[in-house]
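The values are calculated or read from the model by the stated rules, or taken from the named source; none is laboratory data. Please read all numbers here as calculations on a predicted model, not as lab measurements. Don't worry about glycine lacking a Cβ; one is built from the backbone with ideal geometry, like all the others, and counts go over all protein chains shown. Note: accessible area is taken over every heavy atom of the protein model, side chains too, but ligands, DNA and RNA are not part of it. Shrake-Rupley method; radii C 1.70, N 1.55, O 1.52, S 1.80 Å.
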Amino acid sequence: MSALLVREKLAILSDAAKYDASCASSGAAKKDSLKSGGIGSTEGMGICHSYAPDGRCISLLKILLTNFCIYDCSYCINRSSSNVRRARFGIDEVVKLTMDFYRRNYIEGLFLSSGVIRSPDETMGEMVEVARRLRLEEKFSGYIHLKTIPESSAELIEKAGLYADRLSINVELPTDEGVKKLAPEKRPETIRLSMANLRRKMEEKAEPTLRTKKRERFAPGGQSTQMIIGADKTTDDGILHASARLYGSYHLRRVYYSAFSPIPDSSSSLPLRKPPLMREHRLYQADWLMRFYGFSQPEILAGSSDGMLDLAIDPKLAWALRNRGRFPVDVNRADREALLRVPGLGTKVVAKILETRRYRRLRLEDVGRLCHSIAKLRPFIIAEGWSPGALTDKAALRGKIVQSCEQLALF
Ligand code: SF4
């Protein structure tokens, strides 16, 4: 293969990195300015947006070190048997690209992942070296997210934590059976062990040392993971069960859900179609309910006939419709936990309700002013001068709410 220019490598290795959802700005409509002759394109790869631990949106150079890989995970475009064009960056090239882009103000950080070349340790060693050189030689203080390779040594992963802001280890699929079937060279127990070691190391480093009385810097953005959805038959309930276990056992900051993308010449055990993007969105909403709204995982889909999230309505509304006995909730008396369960009330609105009702009683219009729309919440609340009466228990309630939400979306 003739030597590739850095620009060509960048095109190949940033395109190959787009399948990683851990920092994706997915959901935007596709627009390609190359065809129109204008400017502004959402199809190009290379720079993506992510959120820093303090909530800031930051742009990252998102690339693979290489898309050569000795493994053959059947859902992956970079698997060894895939017929894609291959490229490999050298350590110097990634360091230079990052610094050049940073100096030109194109990016605020680097997201670096890789296929596995020769051995997990060798690949991880090169990724750590990129981060080390950026931090120590280039004095780069931007954001670094390294995707770690679970089979690499604990020492290398520990070193990665010294230089990176965030580390992630992909669990790949929601069940062990799925991993064994579609990524036979990977061992779910090794992935879990790697996450457990990382958690232990983070806790250890969070303690002030006896000598300096300071905490050591170690992956301050925590660890995250990515799960591919729709490549096997796991239901949304099964996916959320796996996420709840990951949050509980390894204190992950985020579980990212990446809808499986059909790839050329794929194995017959994989579906031919991509799952709807809305499924990914509903899983993120349900994940949010577990982390910020006090829902336990089994509650979210309890009573559902197929263990799947309703694609037409959000998971909180779907839950409320299945649990109408818990409504209506009085916005002037209910505690925070009960208010958080009302469809349409987010954490900020609930905080405002609690604050405002210290001075006066809230009417339906007052709550409406705090929310985007009252269509969703009218049947589920009692307010000064408002009671939903029989509306909460109406058989046709779901259809009515969906209709009014659709109408609202037209304006
Ligand atoms: S190890 Fe990673 S890059 Fe290699 S085939 Fe599996 S998922 Fe793809």
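Here are the numbers for the structure shown:
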| item | result |
| --- | --- |
| Helix-only CD estimate at 222 nm, as mean residue ellipticity for the chain, using -39500 (n - 2.57) per DSSP H run (n ≥ 4) | -11500 deg cm²/dmol |
| Carbon/sulfur fraction of accessible area - the chain, other protein chains in place, 1.4 Å, % | 53 percent |
| Cross-link pairs beyond the 27 Å C-alpha cut-off, checked among Lys159/Lys186; Lys62/Lys159; Lys9/Lys181; Lys147/Lys186; Lys186/Lys233 | Lys9/Lys181 |
| Protection proxy ranking, peptides 372-383, 258-269, 131-142, average beta carbon neighbours within 10 Å, highest first | 372-383, 131-142, 258-269 |
| Accessible-area value, Met202, 1.4 Å probe, nucleic acids and ligands omitted, Å² | 40 Å² |
| Rounded to 10°, Cα long-axis angle of helix 397-409 versus longest principal axis of the chain | 60 degrees |
| Crossing angle, helix 277-292 versus the chain [Cα axis fit, 0-90 degrees, rounded to tens] | 70 degrees |
| The chain: C-alpha pair distances exceeding 31 Å, % | 47 percent |
| Cα-centred dipole magnitude for segment 229-369, charges only on beta-carbon of K, R (+1) and D, E (-1), debye, nearest 20 | 740 debye |
| Extension reserve of the Leu162-Arg326 stretch, reckoned as 0.36 nm per residue once the Cα distance is removed | 54.2 nm |
| Solvent-accessible heavy-atom area per residue, rounded to whole Å², over segment 208-343 at 1.4 Å | 48 Å² |
| Charge sum, other residues only, whose C-beta stays under 11 Å from Tyr284's C-beta, Lys/Arg counted +1 and Asp/Glu -1 | +1 |
| Antiparallel bridge percentage (DSSP; both residues within the chain; nearest 5) | 25 percent |
| Accessible area of Arg361 in the full protein assembly, 1.4 Å probe (Å², nearest 10) | 130 Å² |
| Rounded if a/c under 1.5, otherwise prolate or oblate - segment 95-144, Cα gyration tensor axes | prolate |
| FRET efficiency for Asn105 and Ser80, using Cβ-Cβ distance with R0 set to 35 Å, rounded to 0.05 | 0.40 |
| Set of lysines near Lys348 by C-alpha distance (under 30 Å), chain-local residues within fewer than 8 positions excluded | Lys316, Lys376, Lys394, Lys400 |
| Percent of Cα-Cα distances greater than 26 Å, calculated over segment 282-411 | 18 percent |
